[in-house]
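The values are calculated or read from the model by the stated rules, or taken from the named source; none is laboratory data. Note that the coordinates shown come from a computational prediction; the quantities given were computed from them, not determined experimentally. Neighbour counts are summed over all protein chains in view; Cβ atoms, including those assigned to glycine, are modelled from backbone coordinates with ideal geometry. Accessible surface is based on the protein model in full, side chains and every heavy atom, while ligands, DNA and RNA are left aside. Shrake-Rupley method; radii C 1.70, N 1.55, O 1.52, S 1.80 Å.
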Amino acid sequence: MKHVIPWWQSKIAYQIYPRSFCDSNNDGIGDIPGIISKLDYLVELGVGIIWLSPVYRSPNEDMGYDISGYREINPEYGTMEDMKTLIQEAKKRDLKLIMDLVVNHTSDQHPWFVESRKSKDNPYREFYIWQPGKTNPWNKGGKPLPPNNWSSFFTGSAWEYDRTSQEFYLHLFSKKQPDLNWHNPQVCSAVKDIMTFWLDLGIDGFRCDVINLIYKSSLENGKKRISLTGQEWYNNQEGCHEILQELRQDVLSHYDCFVVGETVLTTVNQAKALCPPDRSELDMVFTFEHVECHQVNNKWFKTPFRPHLLMNTLIRWQQELDWNTLYFENHDQPRSTTRFGSKKYPVESAKMLALILLTLRGTPFIYQGQEIGMTNGEFTSISEFRDVEAHTVWAISRKLKFPRWLRMKMLQTTSRDNARTPMQWTDSPNGGFSSQPSTTPWLKVNSNCATINVASQKEEADSLLNWYKQLIQLRKIIPQLIGGTFTLLYQDKHIYAYKRSLSSLADSGDKIAIVVLNYSSKTRSYPAPLAQILKSLDNAKILASVYPDTTNLPPYGAFLLEAVEKV
Ligand code: ISL
Ligand code: CA
């Protein structure tokens with residue numbers, strides 16, 4: 001029997017960060033009508049699923065990841081009518097649409113929290129995690145100390161003291177993002193209602209923000225760490241699995257939808273447990289090992305990028321997990337062209353990365369602007385950053401007396417604003433992000449929009465944009481690239497080759513797809529074992545290649561070929 005591949009495995013996803021995608025009314029902020037105006041662009045690109053970062057009502061402390069109204073649209077982005085139009089227009093074009101579900105925390109402006117902080121006996125008190133502080137032995141009667149030593153993702157303590165009720169509340173992110181209390185069944189049923197509301201409006205699933213952190217199994221002190229002390233009490237706890245099962249059973253299983261979890265701190269085995277084959281929990285997860293394997297102890301101090309660490313991690317996850325997301329960028333990560341690519345060979349290295357992304361096993365996620373090779377932002381002063389995390393890190397590192405140049409360098413390489421600069425549609429001064437060239441967008445536009453933009457790459461036959469289009473089309477017509485197994489054929493520090501094969505597919509014979517790549521800035525010849533493998537193929541046909549000539553492997557040379565495997 002032919003195995004039917006579900007749509008969330010066969011389609012390619014595209015992440016839209018609404019604030020930075022397209023500004024239709026010239027207020028400098030991207031919006032829903034702007035997104036609607038670009039749906040045909042996405043169809044032309046060939047993607048099939050849109051993941052929309054939060055568009056809900058929010059005071060924007062964390063740019064929408066702090067929600068104050070789950071059933072409302074942030075007026076900066078449009079109205080609920082606009083959102084309904086977006087859902088319909090996407091459907092018309094056979095584009096699936098998934099939304100962010102942020103339920104580890106809410107905004108401190110959410111009516112639940114506004115109530116919760118009023119008094120200890122408020123009916124919403126138990127929606128959040130409140131704890132009395134510890135007496136300060138050096139200052140008895142003074143401000144108490146936090147209940148435990150947990151630290152926040154944005155640095156500093158994870159607890160905030162509330163004067164009114166004289167207790168602390170937990171916030172794993174900013175203090176304006178109080179964590180929900182998932183021990184309270186009312187929280188779970190409120191979230192189920194929110195999910196049902198959106199699924200009934202016609203969306204096709206969710207990207208669940210930091211979903212593996214929602215369940216805190218204890219509020220004890222954690223083992224002291226350089227960052228994220230306390231994680232052993234909230235990372236991937238048994239209670240989290242139980243909640244995910246409940247959400248699947250009571251809500252998700254009633255719809256043709258899929259859920260991808262964003263799961264920080266998650267190992268291969270934990271990822272397996274979150275995505276069981278019976279679909280009782282999540283369908284796939286965004287894990288971080290491949291984007292973090294270059295860091296020494298925490299993300300603020302990075303060692304120079306070493307391609308083999310990235311490749312080794314990708315390969316290990318390919319070998320150990322049956323299906324997962326594939327991504328190099330999102331709204332939290334620096335741009336891959338700057339980070340994993342080459343300054344000297346920006347287009348070639350970006351093409352090689354695209355080839356990897358679109359030929360591994362899993363569901364590829366392209367982040368807006370990645371398809372044209374957008375680079376990190378060009379920030380030179382703290383006042384240009386908009387991200388709460390950048391400002392928190394700046395303040396703390398200043399307290400620690402880090403010199404200004406070091407603080408700036410840290411932000412320039414790691415800040416999440418790097419990926420949030422406005423989408424570069426044209427060579428106009430604001431990159432065509434706002435329809436009027438005189439409008440100043442909410443975040444500084446990269447000056448390289450003069451050369452890196454959609455309009456010019458559409459015209460250029462061998463642009464990165466057209467390379468993406470070509471690979472996306474190939475992935476649609478070569479079944480091995482979707483359903484095929486992954487086998488590593490060759491690996492040294494620079495050169496990699498892998499095969500995707502699908503022996504069960506009767507009409508494809510023993511056809512295989514092979515990818516060969518040189519992840520380095522030197523021209524290299526084929527190593528003997530790889531040359532041998534390539535020679536043994538019958539009817540090898542190159543389907544896409546970064547360079548027209550494949551007699552050797554030039555810098556970031558990479559190609560995809562189809563062949564028949566001799567038995
Ligand atoms: O970028 C990070 C911090 O340096 C990540 O650790 C990030 O905070 C983590 O991946 C969780 O991200 C998600 O939840 C956050 C939100 O700020 C991010 O934008 C979101 O993707 C809190 O909701
Ligand atoms: Ca706007």
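Atom-type composition of the exposed protein surface of the chain places 52 percent of the accessible area on carbon and sulfur (1.4 angstrom probe).
Could you tell me which of rounded, prolate or oblate describes region 165-311, using a ≥ b ≥ c as the square roots of the eigenvalues of the alpha-carbon gyration tensor, with rounded for a/c under 1.5 and, failing that, prolate when a/b is larger than b/c and oblate otherwise? Taking the square roots of the gyration eigenvalues as a ≥ b ≥ c, region 165-311 is oblate. Under the classification rounded if a/c is under 1.5, otherwise prolate if a/b is larger than b/c and oblate if not, where does the chain fall, given a ≥ b ≥ c as square roots of the Cα gyration tensor eigenvalues? Prolate is the answer for the chain, as a/c is 1.5 or above and a/b outweighs b/c.
Which order do the peptides 157-166, 448-457, 256-265 take when ranked by the mean count of other beta-carbon atoms within 10 Å per residue, highest first?
In descending order of packing, they fall as 256-265, 448-457, 157-166.
With 25 Å as the limit on Cα-Cα distance, the pairs of Lys92/Lys541; Lys11/Lys493; Lys344/Lys493; Lys38/Lys351; Lys499/Lys541; Lys176/Lys216 that go past it are Lys92/Lys541; Lys11/Lys493. Of all DSSP bridge pairs formed entirely within the chain, close to 60 percent run antiparallel. Each Lys or Arg adds one and each Asp or Glu takes one away; over the other residues whose Cβ falls under 12 Å from the Cβ of Gly341, this sums to +3. For the peptides 107-118, 357-368, the ranking by packing is 357-368, 107-118, with the highest mean count of neighbouring Cβ atoms within 10 Å listed first.
With a cut-off of 9 Å between beta carbons, the residues surrounding Glu562 carry a summed charge of +2, where Lys and Arg count +1 and Asp and Glu -1.
For the pair Thr196 and Ser536 in one chain, pulling the backbone fully straight at 0.36 nm per residue adds 117.0 nm over the alpha carbon distance. Estimated from the Cβ-Cβ distance and a Förster radius of 60 angstrom, the FRET efficiency linking Thr380 and Asp121 is about 0.70. The 1.4 Å probe gives accessible areas that order Thr155, Thr229, Thr338, largest first, as Thr338, Thr155, Thr229.
Rounded to the nearest 10 square angstrom, Glu242 shows an accessible area of 110 square angstrom against a 1.4 Å probe. Using the structure shown, select from Lys96/Lys458; Lys96/Lys566; Lys343/Lys469; Lys223/Lys399; Lys118/Lys143; Lys140/Lys224 the pairs with a Cα to Cα distance greater than 28 angstrom. Over 28 Å Cα-Cα: Lys96/Lys566.
Counted by Cβ distance under 13 Å from Ala90, the other residues give a net charge of +2, where Lys and Arg count +1 and Asp and Glu count -1.
Looking at the square roots a ≥ b ≥ c of the eigenvalues of the Cα gyration tensor of region 1-67, which shape do they give, rounded for a/c under 1.5, prolate if a/b is larger than b/c, or oblate? Since a/c reaches 1.5 but b/c is at least a/b, the shape of region 1-67 is classed as oblate.
Considering only alpha-carbon pairs that sit under 8 angstrom and 6 or more positions apart, the relative contact order computed for region 248-383 is 19 percent.
When the trypsin sites (Lys or Arg not before Pro) in region 505-564 are filtered for DSSP coil states and for at most 15 other beta-carbon atoms within 10 Å of their beta-carbon, the remaining sites are Lys522. Estimated purely from DSSP H runs of n ≥ 4, each contributing -39500 (n - 2.57), the mean residue ellipticity at 222 nm for the chain is -8000 deg cm²/dmol once divided by its residues. What's the whole-number percent of alpha carbon pairs in region 387-428 lying beyond 15 angstrom? Tail of the P(r) past 15 Å holds 47 percent of the pairs. Scoring 131-142, 212-223 by mean Cβ neighbours within 10 Å over their residues and listing the highest first yields 212-223, 131-142. Note on region 155-184 and region 217-279: Cα centroid distance 20 Å, given to the nearest whole angstrom.
What is the extension gain from Gln473 to Ala450, computed as 0.36 nm multiplied by their sequence separation minus the C-alpha to C-alpha distance, in nm to one decimal?
That pair, Gln473 and Ala450, stretches by 5.5 nm at full extension.
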